[in-house]
Structure formats: structure tokens, C-alpha cells
Amino acid sequence: MTALSQRSKRRLSARRAYACVALCCAGASASGCGHAGPAPVEYTRAELLDPEACRGCHEDYYNEWAASMHAYASRDPVFLAMNRRGNEETGGALGGFCVRCHAPMAVLDGQTTDGSNLDLLPNSMQGVTCYFCHSTVRVAGIHNNPLVHDVGDPIAQRAGISDPIANPHHGGYSALLSGSQPESSTLCGSCHDIELASPPGPKPTLGMPVELERTFAEWQGTVFAPGHDANNPNGISCVGCHMPAPARGATGSIFPAGPKTRSLHDHLFPGVDVALSTGTAAVDGGASDAGANAQNDSAVQGFLETTLRVARLCVEYQTDPADRQRIRLLVDIDNVGAGHAWPSGAAQDRRAWADLRVLVDDQVVYTTGEPAPGTDVLANQDADLWLLRDHATKSDGSDAHMFWEVAEIEPGTIPGPITRVVGAPGYDNTHAVRSFPLALDSWIPAPFDQARVRVELRLRLQAIGYDVLDDLVSSGHLDQAARDAVTDRTILLNRSLSRPELVAQTPELSRFADVSFEWSALTLNSPYFAAPATRNMGTTQFLCAGMNRAP
């Protein structure tokens, strides 16, 4: 189906939805818009399957969802490439493993068995739709999408509204759709914990099923889950972080003329992944919308900037003043804000790393983790590279790029917080610490001199590695343009300090529009950061700068 024909169908569906709203509000005494009167005209299940039907009354929510990865899930070229190759290489055994989460209504309604015909299906069968989530009445498991729909009342659309008014879709309350209730995380989490069965996967090396994604399980072990924080016994659900109040306000009306006291939740669901913008509908899956993509990208960037802090960036130097022309570095990253590991999701495909640069008199004398744009960070001969990701291997121990080949996963991410009590067991589990250079007898040729030396740290994250993408390109399953559209981002943990009014007073703060943190005279002496700390190790000493506890 061409992008043009999709847009035409969306316009027709939108006009029908707006007409329904007009009928509901005018012809039925507006009972669906917050007033007493006869019951409104009801939608059919077939109409509700299409998110365009929701747009007429809930346009803000629709626009947010339309810019989200939920809407894009079945059109993502990387997903399509992996799904096609996986079914080919497993002789069809992969089946609907991927599509069950990426296009769940298409599977539930028998429109596809393996995703090979997704390009022929209508919009109502694409992605994770409004109907799929809001029709759920029960979660029958903990992974691989075990959501159960209400077959007795197929037009019932539930939400976290305890006092719904008359509406054309049998709206009702469900704790599964209420972000204030811990049950809601089971609805989200059961699609974000993925176990690989054997077959289609190989026999697991460790005997237990391979956990390709375990975000929900990770959350359950953190202070964000119920029962782990005495000050917040219900914890913070997935909705609490990933569906915050939208920019338009925390309360308001969810449809025209409705009550203006409803709690509002953004439906962008920011995480790590974003839609690819190649400008080519054939590559973008018909979802090439620069405005929507930019909206989601901005939300993801802002969201990620709340997850980490640089607890310490230290320079190690010789105690002997006569031997201070060489230094070493220590970096301590703290996962303070993610309710799961960082990074999470398909962490074996993620690429997160530290880009470190030492400058003397503004000239770079040492660098690690700085690949050329568009090149694979793993391909560089960088002995000091610090990579944060899970490591997936095949049955023979070699690296696994494709998930259906994975026999074992070795965790390599930063755990989420399990306690808020300083000094309590596990309090420091959220820290990942590394020295540079990696070889303990190696030093960086730079003087210990705050006036001349600056150490820049950029925490970089790529949703999926170029090594995986290049494998898909070489097999003929992924277009080169899609591969080239994937980029990494720098997590700008102190970007707020680069605001013009602050830079006007302290010009050096402008650097935080480009770096995550730095060791410099600025951070060692600025009230915006933690007080500098020193440590005497005998023949060497450390001088550390760092961020305060709050990210």
C-alpha cells in the first residue's frame, strides 16, 4: 500500500470519526460529551480497531500516539528485516514471535501468522493500537504478550477513569490502565519481557530460556516496584515514567466539551528507539513524518537525560610534585533515574559507551570511544573502549547478531536502584566504574594542572549497533538507507546549564550543550556540582568532580 493511499484512507476515517462526534454531541443530547441525555451512537468493533476512530474525540492523544514507536512498531524497517530473515533462517519456526508484540491485532484477528504480509494490511492492523491496549481485561502471563481481550463486550474501551460518563465505546475503569496502580505495569511489562523458546532458538547454554528482553523483571527488583520503598509503597509504575503529564497540562478534558478535571497522560511513550527518517516512504514504512519523528526524538532525548548522573570523574596523578606530567582517569556512572537497568530492552543490540577526551590547552591528547560518524564503534581498534550492553552468544560461544541464534546472554548493563537508603546493602549496585587507560601501567601524557587540562565525557547511546545493521544489509534484508538513518545520541545530563541566561554569566557552561560532564576548573569550583573530593592512595592521589545525587 502506498503512503498516499494510506493518507487518503486516514482522511476518510478521520472525517467519519468527526462526523460521529458531531452526531454524538448534537443528535444524542451530547451525552458522550459530558451531559445527561440518551445514550450516544455506539461504535462497532471494526470501527474501533482503527486508531483514526479515536482521533475524532481524542485528537491530542492520537497525535501523541501517532508519533510514538507504538504506532511505528510494525512499519520499522529493522523489525521487518529481522522478522523476514528470522523466518527464513528458522524455516518458518519463528512464526509470529515478533509480530505478536509489533502488530498484535493482526495476529489476534488472524490477519497474519508471521508478518510476511504486513504491507498488505490496513492501518487498523498496524503497530500497537489504541484498541489493543484499551480492550485488555486480563494479563495471563509475564512475557511475550499474554494480554487477554474482552470477547463478551468487544467495544469496551477501558482506562484509568473511575467515573466514566456515557460514551460510544462502553468506557470503563481498569486498574490495568491506571498508572497509579501497580497492576498497570503488568500490562506494559508483559510485552517488554521477551523469552526465546527453543525452537526457534537454540538450546539455551544455561538451561533456562534466554531472556532477550527483561525490562519488566528488572523493574520488579527496583525501588520503583511496589513494596521496595517505605515512603512510596505502591512504587512508580511504567506509566509513571513513560506516560508523564503532557506539555499541555496535567489536567484537562480528554474529548471536546468533556470534564476539564481529568488527569492527562502523554501517549508518546518515550524510551530509546525512534522512527527512522530517511525521507523514503519505502524505507520508512510509509511513516515518514519529520514533525512527528522530531517530536518523539525530543521526548526520548529529554527522557534519557533524567536517568543517569556522573557520580565521579576523577583525575589520578602522582603524589610526587616532580612527576605530574601524566594522569589517569576514573569514571563512575550512576543509574539514579531508570526503573530498570540502563540501557534496557533489547540490550544485546544496544550500544552505550563512554566517549572520553583529554584536552591540554584545548588540544586533544587522548581519546577513546570516538568513532567516525556512521562507523561501528566495535570496529575501531580501541583498547580502552567502555561498552555498556548485554553480550549475546551462539551455542559455539561466538557473537550472536540475530536474536534467534542466541544461546546465552551475559548481562553488561547498569542495574536499577534497589534502595534509597544511603549505605544500605545494594545501594551502590547502580554504579558502573572504570579506569582509563585500561592497562594499569599506562598513563595519559597530560599535566596535572586544572588551568590547562579539561576532561570531556560524552555518554553515547545507539538504539541498535551498526554491526547488527550491517549484517542485515549484507544479507539483503535491510536497505542501506535505513542503516544510514540510524545514529547515536549524547546523553546531555547537564543540558539545562547551557541555557542562554546562565551562559551569559558563565560562558563555559555552553559546553554542556555538547558534553555529558567534564573535569575542569569549572566543575571543580562551581556551585552547580558536587564539592570536589580527594583521595590519597599513597604514591598517587585522586581529585574528583561529580554531579549531585539528583540527576
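Considering the stretch 191-214, the residues that are touching a Gly at 6+ places or on another chain (Cβ under 8 Å) and not β-branched (Val, Ile, Thr) include one that is least open to solvent (accessible area, probe 1.4 Å), namely Pro200. May I ask you to verify whether Leu522 is open to solvent by less than 70 Å² (accessible area, probe 1.4 Å) and within 25 Å of Arg324 (Cβ to Cβ)? Yes, satisfied. Annotation for the stretch 20-33: at least one member residue is at pLDDT below 50, crowded, with 17+ Cβ neighbours inside 10 Å, assigned to a loop (DSSP other than H, G, I, E, B) and out of contact with any helix residue (DSSP H, G or I) (no Cβ under 8 Å at 6 or more places or on another chain).
Selection within the stretch 333-373: residues that are of a type in the set (S, T, N, Q) and in a loop (DSSP other than H, G, I, E, B). The member of this set that is nearest to Trp404 (Cα to Cα) is Gln348. At least 1 residues being open to solvent by 50 Å² or more (accessible area, probe 1.4 Å), at pLDDT 95 or above and of a type in the set (Asp, Glu) is the threshold, and among the helices (runs of 4 or more DSSP H) wholly inside the stretch 60-125 those reaching it are 77-89.
One residue stands out in the stretch 428-451 among those that are without any contact (Cβ under 8 Å) to a residue 24 or more places away in the chain and either under 25 Å from the mean Cα position of the chain (by Cα) or over 21 Å from Pro321 (Cα atoms) (or both): the one that is least open to solvent (accessible area, probe 1.4 Å), namely Asn429. Among the numbered conditions (1) in contact (Cβ under 8 Å) with a residue 40 or more places away in the chain; (2) open to solvent by 60 Å² or more (accessible area, probe 1.4 Å), tell me where Gly227 comes up short. The one condition Gly227 does not meet is (1). Does the stretch 452-472 contain at least one residue that is open to solvent by 30 Å² or more (accessible area, probe 1.4 Å), in a helix (DSSP H, G or I), in contact with a Pro (Cβ under 7 Å, 6 or more places away or on another chain) and over 16 Å from Ile327 (Cα atoms)? Checked against the condition, which is being open to solvent by 30 Å² or more (accessible area, probe 1.4 Å), in a helix (DSSP H, G or I), in contact with a Pro (Cβ under 7 Å, 6 or more places away or on another chain) and over 16 Å from Ile327 (Cα atoms), the stretch 452-472 yields no hits at all. State all residues of the stretch 131-173 that are closer than 22 Å to Glu42 by Cβ and in a strand (DSSP E or B); if no residue qualifies, say none. Passing the criteria: Thr136, Val137, His149, Arg158, Ala159, Gly172, Tyr173.
Quick check: is even one residue across the stretch 308-325 at pLDDT 95 or above, acidic (Asp, Glu) and surrounded by fewer than 18 Cβ atoms within 10 Å (Cβ to Cβ)? Looking through the stretch 308-325, at least one residue is at pLDDT 95 or above, acidic (Asp, Glu) and surrounded by fewer than 18 Cβ atoms within 10 Å (Cβ to Cβ).
The values are calculated or read from the model by the stated rules, or taken from the named source; none is laboratory data. Since the model is a prediction, treat every value here as computed from it, not as a measurement. Please note: Cβ atoms are built from the backbone with ideal geometry, for glycine as well, and neighbour counts cover all protein chains shown. Please note that ligands, DNA and RNA were not included when accessible areas were found on the heavy atoms of the full protein model with its side chains. Shrake-Rupley method; radii C 1.70, N 1.55, O 1.52, S 1.80 Å.
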